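Here is the structure we will look at, set down as structure tokens.
Each reported figure results from applying straightforward, stated rules to the coordinates on display, with no laboratory input. Note that the structure is a prediction, hence the values are computed from the model and not measured. A quick note on method: Cβ atoms are made from the backbone with ideal geometry, for glycine too, and the neighbour counts reach across all protein chains shown.
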Amino acid sequence: MSIGNDPASAPRAPRRHGVAWRWRGWVERFALSSGSDVMALLVAQGEVSRTALEAFLSWSQGSGPVAAHLVDDLEKQADEARHALVAALRGSFATPIGQEDLFVLSERCDRVVNRVKNIVAEAEILSWEPDAHAARMATELHAGMTAVVDGFACLTSRGNVTAEAAVTATHCVRGVEHAYRDAMSDLASRPDLRDVFTARELYRFYVRAAEALETLADRLWYAVLAEP
């Protein structure tokens, strides 16, 4: 067989083009194992949201325009996943957990992704490049979202694991706050006032994303407590 016909040697599509397939794949696998379409859709939205935070972390670490475009693309995919969940809720007479819990978890998950997308957009407008402080805060945001999504997957089967995931996510929020304080302290030594004001504004956007993550973790806790 020639190299040109070898599937292993074929160029891979850019990662962002496989995202829609990937979150739908999560729906199929989870639904088959659990029999719950709505829970599969929540996990699917969580997975694409986690991937968006991974791309955001890469951008915050200096990956540049490629990662920025990926964050934007994944935010759109997360919206699509959320719309699919809401549509499924409209047609569901009974759900494994409360419909309100599913809706709010989905909405708050979407809010986190929207806020990190806004950070990238704001940075582009202000010609700001993320620094080590931004990378540190993004690391905590990604870890927090990862914990929440892992909690989604076992929400109806292992409530104690989901509760631990919510606690972990809250700890990550505290990590963002600590990093923010260090970043603000560092600004005092910078001579360029424009740089100081721009960086301060962007650091605050990271904290707002963390606040959105905290409300998501709080609702995850509530969903565990609401289960009989």
Between the modelled labels at S92 and R111 (7 Å from Cα along Cα→Cβ) the distance in nm is 2.0 nm
Convex hull around the C-alpha positions of region 20-226: the volume in Å³ per residue is 97 Å³
Loop trypsin sites (Lys or Arg not before Pro), region 142-228 (other Cβ atoms within 10 Å of the site Cβ: 12 or fewer; DSSP):
none
Which whole-Hz couplings ³J(HN,Hα) result when phi for each residue of region 161-177 is put into the Karplus expression 6.51 cos²θ - 1.76 cosθ + 1.60, θ = phi - 60°, listed in order with x for Gly and Pro?
5, 5, 4, 5, 5, 5, 5, 4, 4, 5, 4, 5, 4, 4, x, 4, 5
Which whole-Hz couplings ³J(HN,Hα) result when phi for each residue of region 48-64 is put into the Karplus expression 6.51 cos²θ - 1.76 cosθ + 1.60, θ = phi - 60°, listed in order with x for Gly and Pro?
5, 5, 4, 5, 4, 5, 5, 5, 5, 4, 4, 5, 5, 8, x, 6, x
Using the reciprocal of the averaged 1/r over all distinct C-alpha pairs, how large is the Kirkwood radius of region 66-162 in Å?
15.3 Å
How would V112, V224 line up from fewest to most surrounding beta-carbon atoms within 10 angstrom?
V224, V112
